[in-house]
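Presented below is the structure to which this report refers.
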Amino acid sequence: MDIDSAAKEYHEKTISEAIIEPSPSGNGWRILFHKTDGAIVALTDNSGTEKLYHTLDHATDKLQSEGIKTIRVEEHF
């Protein structure tokens, strides 16, 4: 899901929160969206490739700039 679609769904209340977590590949932080139907979808670019951010701050800033305010950060140990 691209950021424009995610922001639209967040404001329509079909996405309940954004989740930022380390990428499984270890190359940065990825963003997942928790939908109200229980599905979890990843943020992608326009080509459908999962979008990664180098820093947690950059990922958070991107979400906040799109009006997505409910953000959870998870780090698995």
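The values are calculated or read from the model by the stated rules, or taken from the named source; none is laboratory data. These numbers come from a predicted model, not from an experiment. Because the Cβ atoms are built from the backbone with ideal geometry, glycine has one as well, and the counts that use them run over all protein chains shown. These area figures cover heavy atoms from the full protein model, side chains too; ligands, DNA and RNA do not enter into them. Shrake-Rupley method; radii C 1.70, N 1.55, O 1.52, S 1.80 Å.
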Computed for the chain: size of charge dipole around the Cα centre, +1 on C-beta of each Lys and Arg, -1 on C-beta of each Asp and Glu, debye to nearest 20, value 80 debye
Dividing the mean separation of Cα pairs under 8 Å (6+ apart) by the residue count of the chain yields a relative contact order in percent of 36 percent
Mind checking the per residue accessible area of the chain for me, 1.4 Å probe, whole number of Å²?
60 Å²
How far apart, in nanometres, would the label points at residue 16 and residue 34 be if each is projected 7 angstrom from Cα along the Cα-to-Cβ direction?
0.6 nm
extent check for the chain: Cα max minus min per principal axis, descending, whole Å, gives 32, 28, 22
Could you give the length gained on full extension between residue 4 and residue 27, defined as 0.36 nm per residue of separation minus the Cα-Cα distance, in nm?
5.9 nm
Mean residue ellipticity at 222 nm from the helices of the chain, using -39,500 (n - 2.57) per DSSP H segment of n ≥ 4 over the full residue count, to the nearest 500 deg cm²/dmol?
-7000 deg cm²/dmol
Spelling it out for residue 2: with amide H atoms placed in the peptide plane at 1.01 Å from N, the residues 5 or more places away or on another chain with amide H under 5 Å from its amide H are 44
Using only Cα atoms and rounding to the nearest 10 degrees, what angle (0 to 90) does helix 56-65 make with the longest principal axis of the chain?
20 degrees
